[in-house]
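These notes are about the structure you will find just below.
The values are calculated or read from the model by the stated rules, or taken from the named source; none is laboratory data. The structure displayed is predicted, hence computed values, not measured ones. Cβ sites come from the backbone with ideal geometry, for glycine too, and all protein chains shown count toward neighbours. When the accessible area is computed, the model is the full protein with side chains, heavy atoms only, and any ligands, DNA or RNA have been set aside. Shrake-Rupley method; radii C 1.70, N 1.55, O 1.52, S 1.80 Å.
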Amino acid sequence: MCSSDLITYDPQLNLVYYGSSGVGPASEAQRGMIGATMAGTNTRFAVEPRTGKIVWKHQVLPSDNWDLECTFEMLPITTAVNPDAKTDGMMAVGRGVSGKSRRTLTGVPCKLGVMWSFDAAKGDFLWAKSTIYQNLVKGIDNRGKVTVDESQLLRDLKKTYHHCPPHAGGRDWPFTAYSPQHNVMYVMLQNMCADYRVRADNIPSKPADQYNTIGPMVLTDGKSNIGRIDAISVETGKTLWSWETPASNYSSILATAGGVIFNGDMARNFRALDQESGKVLWQTRLGSQVEGTPVTFSTGGRQYIAIVA
């Protein structure tokens, strides 16, 4: 597991949720694990906090050859569940899930950038949707079983693979925000791919070379901006708006009850956006790259926003 591991506690269900990562080096050929799905890796767990008993689990990315660690936050939310099977990016909808209000566990758990929704109590698969462009998962069935694209598995040590996203992530550790007023998640994303090959000159790999791949990261085809925020309905999975910016917006997102979200980027910009439209309301340029987590507080009758840069 890595430094971005996050544990979420739901007091309504008295369950703890967390995710596991993959293994290294990236290439299954170097690991001697051709064809292994690696049960337990990149898996979401629901655990009783008193006993440690696993109540349910679901592997959201088998056969990880790309270090797409599935350790990021998913949030317990009570919502109507009416996934739109025809909305852009929807990969799968569970059987008989529509029309009910239930406690869900929803979020983007992996660098892959796929948003998942489960029944928080039982782990029943509800829906899964792609956000950024990805070419590593071929499909997800109506039980939530993932099929990876085997042509992207790093088995050939002489081949360069164009895979999307890279280990920098279609999303990374910066936190997603949720607005209970709109029942919408605001997700920090990156339009990135990579042209990678396995470092065949470094077998076995050294601990310092954690991915043991080499090659450039590149923009996703057809994109001119790296940074991105998507506003996604927790009820339907529909993307309500998508906003992009040239630099990576490598900063957590904060949503406030006043209908605003805050986010920063690697070009030193810190900005406020309207939750309903994605329109930038104001922005300022700070003295360093903005990669912290914004917080808001009030004192003396005035509300402030603060972030580490």
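Conditions: (1) of a type outside the set (A, V, I, L, M); (2) closer than 18 Å to Asp141 by Cβ; (3) touching a residue at least 40 places away in the same chain (Cβ under 8 Å). Gly107 meets all but one. Number of the miss?
Looking at each condition in turn, Gly107 falls short on (2).
Quick one: count up the residues across the stretch 10-60 that are surrounded by 13 or more Cβ atoms within 10 Å (Cβ to Cβ) and either touching a residue at least 40 places away in the same chain (Cβ under 8 Å) or within 25 Å of Ser151 (Cβ to Cβ) (or both). Break it down stepwise before answering.
Within the stretch 10-60, the subset surrounded by 13 or more Cβ atoms within 10 Å (Cβ to Cβ) is 10, 13, 15-31, 33, 36-38, 41-48, 55-60.
Imposing the further condition that a residue be either touching a residue at least 40 places away in the same chain (Cβ under 8 Å) or within 25 Å of Ser151 (Cβ to Cβ) (or both) reduces the set to 10, 13, 15, 17-31, 33, 36-38, 41-44, 46, 55-60.
Residues flagged as surrounded by 13 or more Cβ atoms within 10 Å (Cβ to Cβ) and either touching a residue at least 40 places away in the same chain (Cβ under 8 Å) or within 25 Å of Ser151 (Cβ to Cβ) (or both) within the stretch 10-60 amount to 33.
Lys122 versus (1) of a type outside the set (Gly, Ala, Ser); (2) open to solvent by less than 20 Å² (accessible area, probe 1.4 Å); (3) over 22 Å from Thr220 (Cβ atoms): which is the lone unmet condition?
Among (1) of a type outside the set (Gly, Ala, Ser); (2) open to solvent by less than 20 Å² (accessible area, probe 1.4 Å); (3) over 22 Å from Thr220 (Cβ atoms), Lys122 violates only (2).
May I ask you to list the residues in the stretch 212-235 that are hydrophobic (A, V, I, L, M, F, W, C), within 17 Å of Tyr250 (Cβ to Cβ) and in contact (Cβ under 8 Å) with a residue 40 or more places away in the chain?
Selection gives Met217, Ile229.
For the condition of a type in the set (S, T, N, Q) and touching a helix residue (DSSP H, G or I) at 6+ places or on another chain (Cβ under 7 Å), what is the one hit in Asn191, Asn249, Asn212? Explain how you work it out, then say what you get.
Values: Asn191 fails: touching a helix residue (DSSP H, G or I) at 6+ places or on another chain (Cβ under 7 Å); Asn249 fails: touching a helix residue (DSSP H, G or I) at 6+ places or on another chain (Cβ under 7 Å).
Result: Asn212 is the single residue among Asn191, Asn249, Asn212 that is of a type in the set (S, T, N, Q) and touching a helix residue (DSSP H, G or I) at 6+ places or on another chain (Cβ under 7 Å).
Among what's in the stretch 91-119 and is open to solvent by 10 Å² or more (accessible area, probe 1.4 Å) and touching a Ser or Thr at 6+ places or on another chain (Cβ under 8 Å), pick the residue that is nearest to Trp241 (Cα to Cα).
Checking each candidate, the answer is Met91.
Residues being more than 8 Å from the chain's Cα centre (by Cα), under 16 Å from Gly237 (Cβ atoms) and outside any strand (DSSP E or B): count how many of those fall in the stretch 101-126.
Going residue by residue through the stretch 101-126, those that are more than 8 Å from the chain's Cα centre (by Cα) are 101-106, 116-126.
Okay, now just the ones that are also under 16 Å from Gly237 (Cβ atoms), so 101-102, 104-106, 116-119, 124-126.
Checking the rest, the ones that are also outside any strand (DSSP E or B) come to 124.
The number of residues fulfilling the criteria is 1.
Given the criteria without any contact (Cβ under 8 Å) to a residue 60 or more places away in the chain, within 19 Å of Gly107 (Cβ to Cβ) and open to solvent by 20 Å² or more (accessible area, probe 1.4 Å), does Leu254 qualify? Don't jump to the end; show me each part of the working.
Values: without any contact (Cβ under 8 Å) to a residue 60 or more places away in the chain: no; within 19 Å of Gly107 (Cβ to Cβ): yes; open to solvent by 20 Å² or more (accessible area, probe 1.4 Å): yes.
So Leu254 fails the test.
Quickly run through the stretch 150-204 and pick out the residues that are touching a Pro at 6+ places or on another chain (Cβ under 7 Å) and of a type in the set (A, V, I, L, M).
Scanning the stretch 150-204 gives Met188, Met192, Ala194.
In this structure, is Gly222 surrounded by fewer than 21 Cβ atoms within 10 Å (Cβ to Cβ), out of contact with any Ser or Thr (no Cβ under 9 Å at 6 or more places or on another chain) and small (Gly, Ala, Ser)? Please lay out each step first, then the result.
On the way: surrounded by fewer than 21 Cβ atoms within 10 Å (Cβ to Cβ): yes; out of contact with any Ser or Thr (no Cβ under 9 Å at 6 or more places or on another chain): yes; small (Gly, Ala, Ser): yes.
Yes: the conditions hold for Gly222.
Tell me which of these Glu73 doesn't satisfy, since it passes every other one: (1) open to solvent by 20 Å² or more (accessible area, probe 1.4 Å); (2) within 30 Å of Pro207 (Cβ to Cβ); (3) within 15 Å of the chain's Cα centre (by Cα).
Unmet condition: (1).
Check Met91 against each of (1) over 29 Å from Ala168 (Cα atoms); (2) without any contact (Cβ under 8 Å) to a residue 60 or more places away in the chain; (3) aliphatic (A, V, I, L, M); (4) part of a strand (DSSP E or B) and name the one condition it does not meet.
(1) is the only condition that Met91 fails.
Being part of a strand (DSSP E or B), open to solvent by 20 Å² or more (accessible area, probe 1.4 Å) and in contact (Cβ under 8 Å) with a residue 24 or more places away in the chain is true for just one of Trp241, Trp173. Which residue is that? It would help to see each step written out before you state the result.
Details: Trp173 fails: part of a strand (DSSP E or B).
Exactly one of Trp241, Trp173 is part of a strand (DSSP E or B), open to solvent by 20 Å² or more (accessible area, probe 1.4 Å) and in contact (Cβ under 8 Å) with a residue 24 or more places away in the chain, namely Trp241.
Here is a check on your reading of the model: is Glu244 touching a strand residue (DSSP E or B) at 6+ places or on another chain (Cβ under 6 Å) and closer than 24 Å to Met90 by Cβ?
Numbers: touching a strand residue (DSSP E or B) at 6+ places or on another chain (Cβ under 6 Å): yes; closer than 24 Å to Met90 by Cβ: yes.
Yes: the conditions hold for Glu244.
Testing Phe262 on (1) part of a strand (DSSP E or B); (2) touching a helix residue (DSSP H, G or I) at 6+ places or on another chain (Cβ under 8 Å), one condition comes back false. Which one is that?
Of everything listed in (1) part of a strand (DSSP E or B); (2) touching a helix residue (DSSP H, G or I) at 6+ places or on another chain (Cβ under 8 Å), Phe262 misses just condition (2).
With the checklist (1) assigned to a strand (DSSP E or B); (2) of a type outside the set (Ser, Thr, Tyr); (3) surrounded by fewer than 15 Cβ atoms within 10 Å (Cβ to Cβ) in hand, flag the one item Ala208 doesn't pass.
Of everything listed in (1) assigned to a strand (DSSP E or B); (2) of a type outside the set (Ser, Thr, Tyr); (3) surrounded by fewer than 15 Cβ atoms within 10 Å (Cβ to Cβ), Ala208 misses just condition (1).
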